[in-house]
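The values are calculated or read from the model by the stated rules, or taken from the named source; none is laboratory data. Note that the structure is predicted; figures quoted are calculated from it, not measured. So basically every Cβ, Gly included, is an ideal-geometry build from the backbone, and we count neighbours across all protein chains shown. Each accessible area value is taken on the protein alone, full model and side chains, heavy atoms only, with ligands, DNA and RNA left out. Shrake-Rupley method; radii C 1.70, N 1.55, O 1.52, S 1.80 Å.
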Amino acid sequence: MVVGFEKAVSATKSVVTSAKKAPTTLSSDRVINFARGDPTMYESYWRQMGEKCTVVISGHNLMSYFSNAGHFCWFLMPELDRAIRRLHCVVGNAVVDDDRYIVVGNGSTQLFQAVLYALSSSYDPDTEPLSVVAAAPFYSSYPEETEFLRSGLYKWAGDAYSFDKDGAYIEVVTSPNNPDGAIREAVVNRDGGKLIHDLAYYWPQYTPITGKADNDIMLFTFSKATGHAGSRIGWAIVKDIEVATKMVKFMELSSIGVSKESQLRAAKILEVISDDCQNSAPDKEENFFEYGLRLMSDRWEKLREVVKRNGVFSLPKYPQDYCNFIGKYTDPSPTFAWLKSKDGLNCDNLLRELKIVTRGGTNFGVDSNYTRISMLSPDEEFNLLLERLSAIQGTIINGNN
């Protein structure tokens with residue numbers, strides 16, 4: 001197998017070197033990074049929106065720490081609260097009734113830390129730290145984020161499928177899942193457990209919206225919903241006011257709230273999306289989610305064709321389902337491609353020989369014959385990815401050439 005791999009690398013380099021560069025203006029010698037989930041694919045859509053999303057802030061505006069001093073989440077801008085609730089109602093992907101509490105954070109990463117604190121702080125500090133688990137393949141940052149503060153309140157305990165410890169625990173359920181796009185439910189299902197539902201990808205461009213999520217704690221992020229990762233806005237929808245209040249305390253001590261400028265920008269963009277989705281004019285253009293679904297579907301179709309043709313890799317198959325938002329059956333088009341090497345080769349290493357940087361399966365708690373590829377890169381980079389993947393042939397990988 002090692003000899004076959006060496007032949008594959010040598011032959012693949014030769015194929016790539018001699019390949020035509022017609023599909024892209026990027027150099028074939030350039031390293032392209034698909035390890036990150038940077039959603040720059042959406043830039044062209046927002047550019048064509050022109051001034052519709054522009055927010056003007058004067059020098060004397062937004063100077064106070066407080067957005068709403070009488071509110072439990074005192075740094076949450078009322079405009080953003082309303083925009084979040086409206087968008088979820090329009091899309092139909094989450095329950096946002098008046099008895100649900102919105103907590104805004106600096107991206108969902110900070111909110112994840114805040115939830116861990118909120119759920120574990122009520123337990124006896126003299127006992128063993130609360131176990132945090134997620135079913136493999138799990139989001140690669142969960143272990144590091146859980147262990148980073150070296151908290152005595154909680155600790156990373158690995159794969160939920162193999163977790164057999166009695167007592168209290170926290171399970172993180174990501175659905176659709178990062179990295180493999182699967183629809184997930186809790187795995188452990190034992191007394192004493194608390195659930196965090198990471199629903200960052202439960203939007204119509206990535207998966208059919210089959211109903212309103214109604215979990216105790218749900219995390220969403222502006223970056224994956226609309227592509228605006230640089231604004232660093234995330235939000236949690238929480239049922240229990242005590243948990244929500246503890247999350248706010250964590251935010252207060254770690255960053256004294258969240259940028260008002262970012263919140264107002266997010267509110268404006270979410271409102272524009274909602275307005276477009278509710279526009280019933282006969283000559284209306286496609287809304288943001290329709291645009292995103294069209295692009296993601298096209299990319300997945302092209303990637304599947306390349307993978308089928310080269311015979312070296314495989315991709316998961318997803319069942320079609322009825323999307324309440326789109327109003328018809330749609331195919332899932334996950335944010336990441338979960339690529340598997342058919343011959344058991346280290347998938348990440350093989351792609352790096354083609355100057356394609358991905359995130360290998362061992363980061364997600366599984367074998368190295370898997371790797372994760374972002375589907376959200378700019379068009380030129382995505383086309384170059386397809387070009388390089390097309391250069392790999394199954395006969396070469398098997399050492400038959």
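A few remarks follow.
- Selection count, the stretch 349-363, where residues are within 26 Å of Tyr42 (Cα to Cα) and surrounded by 23 or more Cβ atoms within 10 Å (Cβ to Cβ): 2
- Per the conditions (1) surrounded by 13 or more Cβ atoms within 10 Å (Cβ to Cβ); (2) assigned to a loop (DSSP other than H, G, I, E, B); (3) among the charged types (D, E, K, R), the sole criterion not satisfied by Asp283 is (1).
- Taking the stretch 104-138 as the range and being in a strand (DSSP E or B) and among the hydrophobic types (A, V, I, L, M, F, W, C) as the test, the residues that pass are Val104, Leu130, Val132, Val133, Ala134.
- Check on Gly257, open to solvent by less than 10 Å² (accessible area, probe 1.4 Å), assigned by the TED database to the domain that holds Asp38 and not aliphatic (A, V, I, L, M): no
- Some residue of the stretch 94-103 being part of a loop (DSSP other than H, G, I, E, B) and free of Cβ contacts under 8 Å to residues at least 24 places away in the same chain: yes
- Of all residues in the stretch 229-245, those satisfying the criterion of being open to solvent by 20 Å² or more (accessible area, probe 1.4 Å) and closer than 27 Å to Cys53 by Cα are Ala229, Gly230, Arg232.
- Among the residues here, Arg388 does not qualify as part of a helix (DSSP H, G or I), open to solvent by 70 Å² or more (accessible area, probe 1.4 Å) and not aliphatic (A, V, I, L, M).
- Leu219 open to solvent by 10 Å² or more (accessible area, probe 1.4 Å) and either of a type outside the set (D, E, K, R) or without any contact (Cβ under 8 Å) to a residue 60 or more places away in the chain (or both): no
- Residue pairs whose Cβ atoms lie under 7 Å apart, separated by 6 or more positions or on different chains, with the first residue in the stretch 229-246 and among the charged types (D, E, K, R) and the second in a helix (DSSP H, G or I), are Arg232/Gly107; Arg232/Ser262; Lys246/Tyr117; Lys246/Ala118.
- Residues that are closer than 20 Å to Lys268 by Cα number at least 1 in the following strands (runs of 3 or more DSSP E) confined to the stretch 179-240: 217-221, 234-238.
- Answer from Tyr154, Tyr206, Tyr123 - the residue that is over 27 Å from Ala83 (Cβ atoms), open to solvent by less than 30 Å² (accessible area, probe 1.4 Å), assigned by the TED database to the domain that holds Lys239 and of a type in the set (Phe, Trp, Tyr): Tyr154
- Among the residues of the stretch 337-376, just one is in a strand (DSSP E or B), farther than 20 Å from Tyr201 by Cα and of a type in the set (S, T, N, Q), namely Ser341.
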